[in-house]
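Inspection log for the structure reproduced underneath, given as structure tokens.
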Amino acid sequence: MFRALFEDGVLLDLPVVSMLAFFALFAGVLVWTASRRRRPHYDRMSQLPLED
Amino acid sequence: MTDTPALETRRIVYDDGIVRRFTLASVVFGLVGLLVGLLAAIQMSFWQANFDTPWLTFSRIRPLHTNAVIFALVGNMMFAGVYYSTQRLLKTRMPSDFLSRLHFWSWQAVIIGAVVTLPFGITQSKEYAELEWFLDIGVVVSWVAFAINFFWALAVRNERNLYVAIWFYISTIITIAVLYIVNNLALPVSATKSYGVFSGAQDALTQWWYGHNAVAFFLTTPILGIMYYFLPKAAGRPVYSYRLSIVHFWALVFIYIWAGPHHLLYTALPDWAQTLGMLFSLMLWAPSWGGMLNGLLTLRGAWHRVREEPVLKFFVAGVTFYGMSTFEGPLLSIKSVSALGHYTDWIIGHVHGGALGWNGFMAAGMFYWLVPQLFGTKLHSKQLADLHFWIGMVGILLYVASMWIGGITSGLLWREMTDEGTLRWLQWTEIIDKIQPMYFARSFGGFLFILGWVLMIWNLWKTATSGKAVDGEAEVRVLAPRVAAGPSTAAIVFGTPTILTVMGLVAGFMMIDSSNPVLSVVGTVFLVGVLAVTGVRAFWASRDRFRWHDMIESRPLGFTLLVVLAVLAGGLVELLPGIVLQKEVPMTASGEYAVRPYTALELEGRDVYVSEGCYVCHSQMIRPFRDEFLRYGEPSRIEESMWDHPFQWGSKRTGPDLARIGNFNGADKYPHSWHWQHMIDPRRISAGSTMPRYQWLADDRVDLADTSGKLKAMKALGVPYTDEQIEGAVDDYRRQAAEIVDALIAQGEIKADEREDKIEVQLIALIAYLQRLGDNAVVDVASGGGR
């Protein structure tokens, strides 16, 4: 199986696969960060410097 | 700690006296550090500006400038900001006034110690770690006092969760402690001299692991914490995205520590370490810009206030300079860009964009906001603060732009070839001449920045004297200590997010192991699986009652432990292989080391080289480029500096590389008389040289009482000296020195009746060392050693 894998040149796609994986992680984090869903905990923490 | 309701309320008075002290120290010592920098800059154009005085000479005052700006200006500013914001974010006074004062006075004592040692050549010669062993102990005492007080405050806090600024402070305290101690491990040989435990390539790697992360965790993370506290306060708005601050923090803390080797691209450092450094540097782009955007977007809806409020002007410009510097840093880490920019003034421009723009302007913004609060009054003059802003801004732009142009010009001229394939610019002074206008512009830019700083001091002084010192007070709800709700701290620290992160890392390393294709395939599949599980987990976690990050924010011990794991991961991967593995030492046919240890005279000469700070202008690391081969000789090899405690690879070429100054392609490059004349007055040898005179070296003497002890210390560090060499060190020294003196007498440089007097002068030892440089490249395997 590995022989076929290597001979078919699938290995050449490894950098592409890994790049896509990291891009998916990056995009996921970006979506989470940009999420407009409000969290009371985050709102409260963000206000801390303004309390004193 | 607790998440229980408040038991009672209590009125507390914050210790703002410590904030006032650190503020004063920052602006005053900062001015001194900036003025020393200006004097150093002027000497790039007028070498006479040292007034033939050793302790005013560029190579000695440049380390004072960098240390003063980093540890005195930024350090004191950082402590002022940390003490002010920590008390308010934790709703508690600092637990120990004694520790606060111990921290303050010991820190100032170290700064004074730097002022009275560095200009007098008492230095370890490792950039930003020049302070000798006895001052290092002072730094550790001061830092420990700070750390105990800070973590004690965390323990007695009256706010359940830790705000993002506190996370950055934790990372600073932990990481700087690790970096400083490891990089300064040394063996003292006298009251004022020590040898670092690392040597050669390992020393280089450790030093730049420290050097890069001193920038990261001393000049960046604490100032980011200050940004997350003071910018919302000044803008009157909460931080733009708390989620983004979580990503910003963890990504920055984890990634930064790996990036150190980008300071050593194309050197003799192993390729894997260079590539690792470059990759992680590029990854830094994302979190750094995330942080910058988080800062700038905090001003959404309040941009009109930037026009009227100088504090916001400084903060906006400071954060923008942060973005610029963190774009430029990764850019310079790309190997092909580094090939052009490294060793040039481009790097000087880069660091000053960060130091003046990011650190300097954030400091100014914080002081303009803070001093009126500390003295219960209003800022004396907004107009004067505005003037400071514009003068400072022009100064920074002039400085940075001139160094960009000068640096890139130098890099291009160094490599320019004729049609015949030879170097077009053989004379170093021709290249320096071409960038002289940029040095003038740089000095003027620096002068403008200092002028702005002086205006700030005046403005703050008038503000302070118009009010009186007041300490902030607050009514806080006292929270009772109790076991926190949710899983135990251990369960959180070693919970799913940590496990997934570790698995992702393992998968990543398996994937990039190009030597084993099967492992790469498995690693890739593994990584995709980990990311998929992470995504699913993140989705379901949103429904949990106890969210992982909310919980870890309320557990200082667990949070700190995770920070330690995050910073140690990169540090261990970089440092351990070199420390643990036995040195790969080339041996001769007769079983001896191919690279000879320095003779007693050469070792003393090397100490003179270190003491004078020659490394600030000269590298000893020839990169594998055609132009460097033609100009300097064979590329440097890793074993050549294997006995060098400390390494002297350098980071800047104001003068040419010296790795082969004693031996060029197998032959002596210059006679002793060339070096003698060159050190007494470089212009005798090289018309137009901007190097200062070092004529005092022809009179100052080496203290031979320490010589045997130095060889003994080196032997303890692994350098293969024999007992005979140690016992006979002084005799060997005098014998080899006499040979050089006799040659100089024959060449007419020294009078015959001065023979005995000159044998022990520092210049003879320095010549012996310089003539040795390059010899290690010539290995005669058959006869048993180097030349």
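The values are calculated or read from the model by the stated rules, or taken from the named source; none is laboratory data. Nothing here was measured: the structure is a model prediction, and the numbers come from that model. Virtual Cβ from ideal backbone geometry, glycine too; neighbours counted across all protein chains shown. Surface accessibility is based on the protein's heavy atoms, side chains included, excluding ligands, DNA and RNA. Shrake-Rupley method; radii C 1.70, N 1.55, O 1.52, S 1.80 Å.
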### Task
Give B:ALA204, B:ALA216, B:ALA177 a once-over and let me know the one that is open to solvent by 10 Å² or more (accessible area, probe 1.4 Å), more than 14 Å from every other protein chain (Cβ to nearest Cβ) and touching a helix residue (DSSP H, G or I) at 6+ places or on another chain (Cβ under 8 Å).
B:ALA177
#### Entry: Residue under evaluation B:ARG424, criteria (1) touching a Phe, Trp or Tyr at 6+ places or on another chain (Cβ under 9 Å); (2) charged (D, E, K, R); (3) open to solvent by 20 Å² or more (accessible area, probe 1.4 Å), criterion not met
(1)
### Task
May I ask you to list the residues in segment B:249-270 that are facing chain A (nearest Cβ under 9 Å) and either at positive phi or open to solvent by less than 20 Å² (accessible area, probe 1.4 Å) (or both)?
none
#### Entry: Odd one out for B:GLY113 among (1) more than 21 Å from the chain's Cα centre (by Cα); (2) farther than 28 Å from B:ASP471 by Cα
(1)
### Message
Against the condition modelled with pLDDT of 70 or more, surrounded by 14 or more Cβ atoms within 10 Å (Cβ to Cβ) and more than 7 Å from every other protein chain (Cβ to nearest Cβ), how does A:LEU30 come out, does it pass?
### Response
yes
## Note on the structure
Scanning segment B:587-612 for residues that are modelled with pLDDT of 95 or more and in contact with a helix residue (DSSP H, G or I) (Cβ under 7 Å, 6 or more places away or on another chain) gives B:TYR598, B:THR599, B:ALA600, B:LEU601, B:GLU602, B:LEU603, B:GLU604, B:GLY605, B:ARG606, B:VAL608, B:TYR609, B:GLU612
## Note on the structure
The condition of being open to solvent by less than 40 Å² (accessible area, probe 1.4 Å) and not in a loop (DSSP other than H, G, I, E, B) holds, among B:VAL525, B:VAL502, B:VAL530, only for B:VAL530
### Task
Please work out if B:SER325 is assigned to a helix (DSSP H, G or I), at pLDDT 95 or above, open to solvent by 10 Å² or more (accessible area, probe 1.4 Å) and in the same structural domain as B:ALA259 (by TED's automatic domain parsing).
yes
### Query
Just a yes or no: is a residue in segment B:233-241 charged (D, E, K, R), assigned to a helix (DSSP H, G or I) and open to solvent by 10 Å² or more (accessible area, probe 1.4 Å)?
yes
### Task
Could you please let me know if B:THR66 is within 19 Å of the chain's Cα centre (by Cα) and among the β-branched types (Val, Ile, Thr)?
yes
### Query
Does segment B:242-255 contain at least one residue that is assigned by TED's automatic domain parsing to the domain that holds B:TYR83 and not in a helix (DSSP H, G or I)?
no
### Message
Which pairs turn up if I take residues in segment B:617-646 that are at positive phi and look for partners that are among the small types (Gly, Ala, Ser) and crowded, with 23+ Cβ neighbours inside 10 Å with beta carbon separation below 8 Å, at least 6 apart in sequence or on another chain?
### Response
B:GLY633/B:ALA659; B:GLY633/B:GLY774; B:GLY633/B:ALA777
### Query
What helices (runs of 4 or more DSSP H) lie completely within segment B:25-132 and have 1 or more residues being within 14 Å of chain A (Cβ to nearest Cβ) and buried (at least 23 other Cβ atoms within 10 Å of the Cβ)?
B:75-90
### Wholly enclosed helices (runs of 4 or more DSSP H) of segment B:588-690 bearing at least 3 residues open to solvent by 40 Å² or more (accessible area, probe 1.4 Å), assigned by TED's automatic domain parsing to the domain that holds B:ALA716 and of a type outside the set (Asp, Glu)
B:626-632, B:672-680
### Task
Only residues that are β-branched (Val, Ile, Thr) and under 15 Å from the mean Cα position of the chain (by Cα): list them for segment B:341-358, please.
B:ILE347, B:ILE348, B:VAL351
### Task
Could you tell me which residue of segment B:438-483 is modelled with the lowest pLDDT, considering only residues that are surrounded by 19 or more Cβ atoms within 10 Å (Cβ to Cβ) and closer than 30 Å to B:LEU562 by Cβ?
B:LEU479
### Message
For segment B:564-577, check the following and say yes or no: at least one residue is open to solvent by 60 Å² or more (accessible area, probe 1.4 Å), modelled with pLDDT of 90 or more and either in a helix (DSSP H, G or I) or under 21 Å from B:LEU265 (Cβ atoms) (or both).
### Response
yes
